[in-house]
Amino acid sequence: MARAGIQFEQVAAVADALVGEGQQPTIRAVRERLGDTGSPNTIHKHLTTWRAARPVAVAAAPALPPALTAAIAAEIERATAQARGEIEGRLVQAQAEAAELAAAGEAIEAERDALAEQVAALTRERDTLAGKAEQQAANLADQARRIEREQQAAEAARVELATARLKIEAQAEARADQGAEIERLRAALEVEAKGRIAAEQQAAVLGAKLEGIMAQLSDQAAAHAEARRQAAHEAQRAAERITQAQAERDEARQSAAEAREQAARLAGQLEATQKAERPIEAALKATKAKKPEGDDGKSMPSLL
């Protein structure tokens, strides 16, 4: 019978707990939290479903002038889109490879379970054949004992025949009956001998068949072990590629966050500059409004 696998709810609960603790929900971390149980292929499939169902958080943009906001947002979007496109392309490729490996691993596990059931069936057949062989050996022993008894009986019959031959002259009428009895005993001995030979041949055939079955089981077990080793190696390589892609994606996100922080600082500096210029503009306007007039009635030139 196939083993009961890890359920999606278990993997999702452990992944949420790891994210809440600030850790990455990798296949190894989830499997360790589950007590080193569960197939890595099954855990990967549940993690993929869990990631696809998670909502994507959107950061609120800082309040900036429209023109500066548009320029900064366009630059951030361009850099982020370029980095995200490259990282997501690699991540999608790695996830596709991991999914293929997971499917191959599941197929190998199913084949392993089928082979295990086949081995169990062959083991039961072997035990049945062994029991039959033992029974046939016991039957052969019984036949041998019967043959021995028949031989003893034949020897006794020969003794009786010798005795009868001594009396043959006096018992001419009984000679024919005694000859028939001898022929019957000889026929019985021949039948028993033929039965013994047939039983020995059948036992030899069963032994050869059992040896062939054991050799086939050994070859299948070796091939299955090699296939499982290769699948585990490929799955480990895919997990390493996924980890590298996730690290590059996190680095791109950090660069985008730093760009947003720099944009916020620039916006703050711009606002401070605008605040500093406002008193100067007000003073200029006040000076223009209060210019004094000269003696000739013409306005005096401004000092500024």
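If you take the residues in segment 5-34 that are closer than 22 Å to residue 229 by Cα and assigned to a loop (DSSP other than H, G, I, E, B), which one is modelled with the lowest pLDDT?
Going through the qualifying residues, I end up with 5.
Would you please list the contacts, defined by Cβ atoms under 6 Å and residues six or more apart or on different chains, that run from a residue in segment 138-149 that is within 15 Å of residue 189 (Cβ to Cβ) to a residue that is of a type outside the set (Lys, Arg) and surrounded by 11 or more Cβ atoms within 10 Å (Cβ to Cβ)?
As it stands, the answer is 147/192, since those pairs meet every condition given.
Could you tell me how many of the residues in segment 229-242 are modelled with pLDDT under 80 and either more than 25 Å from residue 112 (Cβ to Cβ) or under 12 Å from the mean Cα position of the chain (by Cα) (or both)?
Count: 2.
Got a number for residues in segment 188-231 being farther than 25 Å from residue 143 by Cβ, among the small types (Gly, Ala, Ser) and without any contact (Cβ under 8 Å) to a residue 24 or more places away in the chain?
Matching residues across segment 188-231 total 6.
Every residue, every condition in (1) out of contact with any helix residue (DSSP H, G or I) (no Cβ under 7 Å at 6 or more places or on another chain); (2) among the small types (Gly, Ala, Ser); (3) under 30 Å from residue 232 (Cβ atoms); (4) modelled with pLDDT of 85 or more, yes or no:
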| residue | (1), (2), (3), (4) |
| --- | --- |
| 94 | no, yes, yes, no |
| 108 | no, no, yes, no |
| 120 | yes, yes, yes, yes |
| 147 | no, no, no, yes |
| 157 | no, yes, no, no |
| 173 | yes, no, no, no |
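For segment 143-155, indicate whether the set of residues that are over 30 Å from residue 200 (Cβ atoms), among the β-branched types (Val, Ile, Thr) and surrounded by 12 or more Cβ atoms within 10 Å (Cβ to Cβ) is non-empty.
No: segment 143-155 contains no residue that is over 30 Å from residue 200 (Cβ atoms), among the β-branched types (Val, Ile, Thr) and surrounded by 12 or more Cβ atoms within 10 Å (Cβ to Cβ).
From the list 282, 286, 245, pick out the single residue that is touching a Leu at 6+ places or on another chain (Cβ under 6 Å), at pLDDT below 85 and either of a type in the set (A, V, I, L, M) or surrounded by 12 or more Cβ atoms within 10 Å (Cβ to Cβ) (or both).
Being touching a Leu at 6+ places or on another chain (Cβ under 6 Å), at pLDDT below 85 and either of a type in the set (A, V, I, L, M) or surrounded by 12 or more Cβ atoms within 10 Å (Cβ to Cβ) (or both) holds for just one of 282, 286, 245, which is 245.
Determine which member of the set 221, 215 is surrounded by fewer than 15 Cβ atoms within 10 Å (Cβ to Cβ), part of a helix (DSSP H, G or I) and at pLDDT below 80.
So the residue among 221, 215 that is surrounded by fewer than 15 Cβ atoms within 10 Å (Cβ to Cβ), part of a helix (DSSP H, G or I) and at pLDDT below 80 is 221.
Out of (1) closer than 30 Å to residue 125 by Cα; (2) in contact with a helix residue (DSSP H, G or I) (Cβ under 9 Å, 6 or more places away or on another chain), the odd one out for residue 237 is which?
Tallying (1) closer than 30 Å to residue 125 by Cα; (2) in contact with a helix residue (DSSP H, G or I) (Cβ under 9 Å, 6 or more places away or on another chain), residue 237 fails exactly one: (1).
For segment 67-76, indicate whether the set of residues that are modelled with pLDDT of 80 or more, over 38 Å from the mean Cα position of the chain (by Cα), of a type in the set (D, E, K, R) and in a helix (DSSP H, G or I) is non-empty.
yes
The values are calculated or read from the model by the stated rules, or taken from the named source; none is laboratory data. If you're wondering where the values come from, they're calculated on a predicted model, not measured in any experiment. Using ideal geometry, Cβ is built from the backbone for each residue, glycine included, and neighbour counts are taken over all protein chains shown.
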